[in-house]
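**Q** Structure in structure tokens, see below.
The values are calculated or read from the model by the stated rules, or taken from the named source; none is laboratory data. Quick caveat: nothing in here was measured; it's all calculated off a predicted structure. Cβ atoms come from the backbone with ideal geometry, glycine included; neighbour counts cover every protein chain shown. Quick note on the areas: whole protein, heavy atoms, side chains included, nothing else; ligands and nucleic acids left out. Shrake-Rupley method; radii C 1.70, N 1.55, O 1.52, S 1.80 Å.
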Amino acid sequence: MTTYTMSTDSVASGTIQQQDGSSVISVDALPIDDFLNGLSLDSSNALLHMTIDDSYIVTDEDLDGDGVNDSYVPNNTPLSSLVIDVYGDGSLLYTLEAQNPNQNQLSTDNQVSGNVSRFNGNYNILDSEGNQVGTLGGNLFLSSDGDFAVDENKVVDEQSNGGFVLDDLAVCYLHGTRIMTSRGDVRVEDLREGDLVVCRFGGLRPVRWIARQTLSGLRARGQEAIRFASGSIGENTPREPLLVSPGHSMLIGETLVLASDLVNGITITREKARTKWEYYQIDLGVHDLVLAEGTWSESFADCRDFRDRFDNVEEYRALFPDEVAPETPRLCAPRPAGGAAFHTALEHTVFRRVILTP
């Protein structure tokens, strides 16, 4: 079983309409928040825990062409449990019980898939003693890429395979990461267009755009930053602990390897879960390597609609309205998913772990 945790604002009631060739959810209400507010309970920290049997979770397809497999569930995936965690600490819980057990499912169709699915049925809300204290019903939608808001529309990112995407690995630097520039180390969130960053292949390259990606609620699950301890990649590299997203590539020798593949539990570790992660990425116009906390790590590699995952993509489109992304990422170094080079890179970090472990 896998439990996904999201804010209660990820659930909305509303209607679907067509707009510019896309399905759009017009939000009428946030029913879980309304239920809690009706009991005079503060919903600002409320979470929804959704548990799904692992056998329904598919992880063998790269849906967005970024070279990293995504996690999704197909149409009519049963839900093992739905629990409202009012304060986010487990102290006050309500359970959602399907009125018809055969309809306790997430569904997708020709209108919703990708970042939005629907709940098939209606639910009774039960307190800790099993007493019914409310209901949820109507056209209920679930978002996996950010909260709904009343009287606002959410565009459906439809997937050709009809799946509801649960995890889409971030490819960025955690807030606070220091990047080497022509004027010294600068925190990634403080970089601006035109700043010159030190690159492995291009010398000093100007920043074209800084991408931002805030992942909260359901989107935060599986996006825990990977921590590289000082010296975990090489002698004094990184100089200080480096934290990047799990889908971010590091240079090990001459090979790019995803941070999540390098975790060894000692010198390269996954951070504990949070309800929110704030990541940034550096667009140089080409894929290159920059010095992050003194170690080589990748810049942004564009492809297809991959850029759309960033919160500030509209800023980029305003700056470069005519730019068309390539169909596949053009990488500055090989990034194998397996084979001799991949395993040599893993062995290198294991060797560093042995050196650094007392």
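**Q** Please pick out the residue among GLY202, GLY265 that is modelled with pLDDT under 90 and either over 30 Å from LEU82 (Cβ atoms) or polar (S, T, N, Q) (or both).
**A** Values: GLY202 fails: modelled with pLDDT under 90.
Just a single option satisfies the conditions, and that option is GLY265.
**Q** Is it fair to say GLY194 is in a loop (DSSP other than H, G, I, E, B) and either of a type in the set (Phe, Trp, Tyr) or more than 16 Å from ASP283 (Cβ to Cβ) (or both)? Give the derivation first.
**A** On the way: in a loop (DSSP other than H, G, I, E, B): yes; either of a type in the set (Phe, Trp, Tyr) or more than 16 Å from ASP283 (Cβ to Cβ) (or both): no.
So GLY194 fails the test.
**Q** Something else: Consider only pairs whose beta carbons are under 6 Å apart and that are at least six residues apart or on different chains; among these, list those whose first residue lies in region 306-332 and is within 18 Å of LEU284 (Cβ to Cβ) and whose second residue is open to solvent by 80 Å² or more (accessible area, probe 1.4 Å) and at pLDDT 90 or above.
**A** Short answer, once both residue conditions are applied: ASN312/ARG212; CYS332/PHE201.
**Q** Oh, and also: Do you know which residues across region 246-264 are without any contact (Cβ under 8 Å) to a residue 40 or more places away in the chain and buried (at least 22 other Cβ atoms within 10 Å of the Cβ)?
**A** Across region 246-264, the qualifying residue is only ALA259.
**Q** Quick check on my filter: what residues within region 218-232 are outside any strand (DSSP E or B) and open to solvent by 10 Å² or more (accessible area, probe 1.4 Å)? Steps first, answer last, please.
**A** Kept after step one, since they are outside any strand (DSSP E or B), are these residues of region 218-232: 218-225, 229-232.
Those that are outside any strand (DSSP E or B) and open to solvent by 10 Å² or more (accessible area, probe 1.4 Å): ARG219, ARG221, GLY222, GLU224, ALA229, SER230.
**Q** Also, quick follow-up: So which residues in region 314-335 are surrounded by 14 or more Cβ atoms within 10 Å (Cβ to Cβ) and not hydrophobic (A, V, I, L, M, F, W, C)?
**A** GLU315, TYR316, PRO329, ARG335
**Q** Only residues that are among the aliphatic types (A, V, I, L, M), open to solvent by 10 Å² or more (accessible area, probe 1.4 Å), over 13 Å from TYR279 (Cβ atoms) and touching a residue at least 24 places away in the same chain (Cβ under 8 Å): list them for region 171-192, please.
**A** Of everything in region 171-192, just one residue is among the aliphatic types (A, V, I, L, M), open to solvent by 10 Å² or more (accessible area, probe 1.4 Å), over 13 Å from TYR279 (Cβ atoms) and touching a residue at least 24 places away in the same chain (Cβ under 8 Å), namely MET180.
**Q** For region 2-57, which residues satisfy the criterion of being among the β-branched types (Val, Ile, Thr), free of Cβ contacts under 8 Å to residues at least 60 places away in the same chain and assigned to a helix (DSSP H, G or I)?
**A** none
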